[in-house]
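A.B. asks: Sharing a structure, written as structure tokens. Questions coming.
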Amino acid sequence: MIDVPAITTYLITNYGLLGVFVISLVGNATIFFPVPTYLLVYALGAKMNPLLLGLFAGTGAAIGELTSYVVGYGIEKGARVKKRKFRRRYVGIRNLFKKYGFWIIPIFAATPLPMDAVGLMAGFLNYPLRKFFLGCLLGKIAVHLVIAYAGFRSYEFIKQFFGGNQSHIWLAFGILLVALLLAWMFYASRNVNEENFK
């Protein structure tokens with residue numbers, strides 16, 4: 001079994017921002033299986049330059065999102081999934097995509113909305129790859145910058161609140177991270193349960 005925490009620690013310790021880029025790329029390349037890379041970026045915001053962190057993580061995430069585009073393109077070209085079934089399931093995303101075009105991409109990329117569904121539909125509709133990637137890049141960099149700066153600012157706030165006591169600072173920051181992780185797990189499990197009942 002793959003030891004994800006050990007690999008993550010190794011990549012960040014030895015490669016810094018490049019390691020964050022790789023982790024973010026892989027985390028966003030998984031279709032319909034959310035990986036909490038946002039929590040990692042939030043935590044690293046306390047230790048790394050938040051501007052560079054947001055740029056590296058956002059770029060990796062945007063490249064990772066290309067996997068859903070490629071799968072959608074494969075479906076359009078007659079891959080294993082039947083087109084009619086695909087069209088029925090994603091009719092809502094298709095209608096949004098046709099109505100708003102490019103702007104749907106950065107909006108979904110920067111929010112908890114289902115970006116994988118947009119990527120699949122973009123590939124299925126043969127939407128220009130460059131425009132799709134640009135939309136992903138804008139949205140993913142924006143959200144990762146916000147998260148990195150939120151991590152930086154909350155760490156600074158906790159540091160001021162506890163007056164520089166390192167053990168109390170890291171304890172409070174750790175509790176905040178655990179709370180965010182639990183919230184993410186609840187959100188992810190709720191989405192899985194909703195998918196099962198559709």
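A.B. asks: Condition (residue is surrounded by 14 or more Cβ atoms within 10 Å (Cβ to Cβ), among the basic types (Lys, Arg) and at pLDDT below 85) applied to region 81-101: is it met by at least one residue?
C.D. replies: Scanning region 81-101, I find at least one residue that is surrounded by 14 or more Cβ atoms within 10 Å (Cβ to Cβ), among the basic types (Lys, Arg) and at pLDDT below 85, so the answer is yes.
A.B. asks: Hey, another quick one. Quick check on this structure: which one of 128, 106, 114 is more than 25 Å from residue 46 (Cα to Cα) and either polar (S, T, N, Q) or more than 19 Å from the chain's Cα centre (by Cα) (or both)? Spell out how you get there, then give the answer.
C.D. replies: Working: 106 fails: either polar (S, T, N, Q) or more than 19 Å from the chain's Cα centre (by Cα) (or both); 114 fails: either polar (S, T, N, Q) or more than 19 Å from the chain's Cα centre (by Cα) (or both).
Among 128, 106, 114, only 128 is more than 25 Å from residue 46 (Cα to Cα) and either polar (S, T, N, Q) or more than 19 Å from the chain's Cα centre (by Cα) (or both).
A.B. asks: State whether the residues of region 117-130 include one that is surrounded by fewer than 18 Cβ atoms within 10 Å (Cβ to Cβ) and either among the aromatic types (Phe, Trp, Tyr) or at pLDDT below 80 (or both).
C.D. replies: Of the residues in region 117-130, the ones surrounded by fewer than 18 Cβ atoms within 10 Å (Cβ to Cβ) are 125-126, 128-130.
From what's left, either among the aromatic types (Phe, Trp, Tyr) or at pLDDT below 80 (or both): none.
For region 117-130, residues surrounded by fewer than 18 Cβ atoms within 10 Å (Cβ to Cβ) and either among the aromatic types (Phe, Trp, Tyr) or at pLDDT below 80 (or both): absent.
A.B. asks: Going through region 1-31 one residue at a time, which ones are at pLDDT below 80 and touching a Ser or Thr at 6+ places or on another chain (Cβ under 9 Å)? Spell out the reasoning first.
C.D. replies: Our first condition is that a residue be at pLDDT below 80; within region 1-31, this holds for 1-5, 30-31.
Across region 1-31, the qualifying residues are 30, 31.
A.B. asks: Mind listing whichever residues of region 116-130 are touching a helix residue (DSSP H, G or I) at 6+ places or on another chain (Cβ under 7 Å) and over 13 Å from residue 63 (Cα atoms)?
C.D. replies: 117, 118, 120, 121, 122, 123, 124, 125, 126
A.B. asks: Looking only at region 129-152, which residues are more than 14 Å from residue 20 (Cβ to Cβ) and small (Gly, Ala, Ser)?
C.D. replies: Correct list: 135, 139, 142, 150.
A.B. asks: How many of the residues making up region 111-162 are aromatic (Phe, Trp, Tyr) and more than 20 Å from residue 93 (Cα to Cα)?
C.D. replies: The first filter runs over region 111-162 and keeps only residues aromatic (Phe, Trp, Tyr), leaving 124, 127, 132-133, 149, 152, 155, 157, 161-162.
Applying the additional criterion that residues be more than 20 Å from residue 93 (Cα to Cα) yields 149, 152, 155, 157, 161-162.
Result for region 111-162: 6.
The values are calculated or read from the model by the stated rules, or taken from the named source; none is laboratory data. This is a predicted model, so every value here is computed, not measured. Every residue, glycine among them, receives a Cβ derived from its backbone with ideal geometry; neighbour counts consider all protein chains shown.
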